[in-house]
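K.L.:
Pasting a structure here, questions to come.
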Amino acid sequence: MSPQLLPIVLLSISNVFMTFAWYWHLRFEGRPLGLVILLSWMIALAEYCFAVPANRLGHAVYSAAELKTMQEVITLVVFAVFSVVYLGERLTLNHLVGFGCIALGAFFVFKGPLH
């Protein structure tokens, strides 16, 4: 896999795990908080196993700011899918406009210096 693509794939996998770690329990509100925290930590460990290599390998081709920006955009995409598919929530126009503003910010991070 290309050095440019590998960090994106790893960050995407990482974000799936982290989204589950943070939000899976919202469908199981009756579970004890301590148990939810423990299970979430276990899921987050898997997330770190993808995020750390993604950033370490990715830093060979991307700046730290670019990696962070990629991670944030991937997080929004993964979260949007998760909230609709797993939590059964709707995305509204307000959500899409807000996500679009963040995507516009990402465009400027990757565009390079403005003159």
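K.L.:
Which is touching a helix residue (DSSP H, G or I) at 6+ places or on another chain (Cβ under 8 Å) and more than 24 Å from T69 (Cα to Cα), of R31, R27?
P.N.:
Sole residue among the options that is touching a helix residue (DSSP H, G or I) at 6+ places or on another chain (Cβ under 8 Å) and more than 24 Å from T69 (Cα to Cα): R31.
K.L.:
Okay, moving on. Within segment 88-115, track down each residue that is in contact with a helix residue (DSSP H, G or I) (Cβ under 7 Å, 6 or more places away or on another chain) and of a type outside the set (D, E, K, R).
P.N.:
Scanning segment 88-115 gives L91, F99, I102, A103, A106, V109, F110.
K.L.:
So Y48 clears everything in (1) within 14 Å of the chain's Cα centre (by Cα); (2) surrounded by 14 or more Cβ atoms within 10 Å (Cβ to Cβ) except one condition, right? Which one?
P.N.:
(2)
No lab work stands behind these numbers, since they all come straight from the coordinates. Everything numeric here is computed off the predicted structure, so don't read it as measured data. Neighbour counts are summed over all protein chains in view; Cβ atoms, including those assigned to glycine, are modelled from backbone coordinates with ideal geometry.
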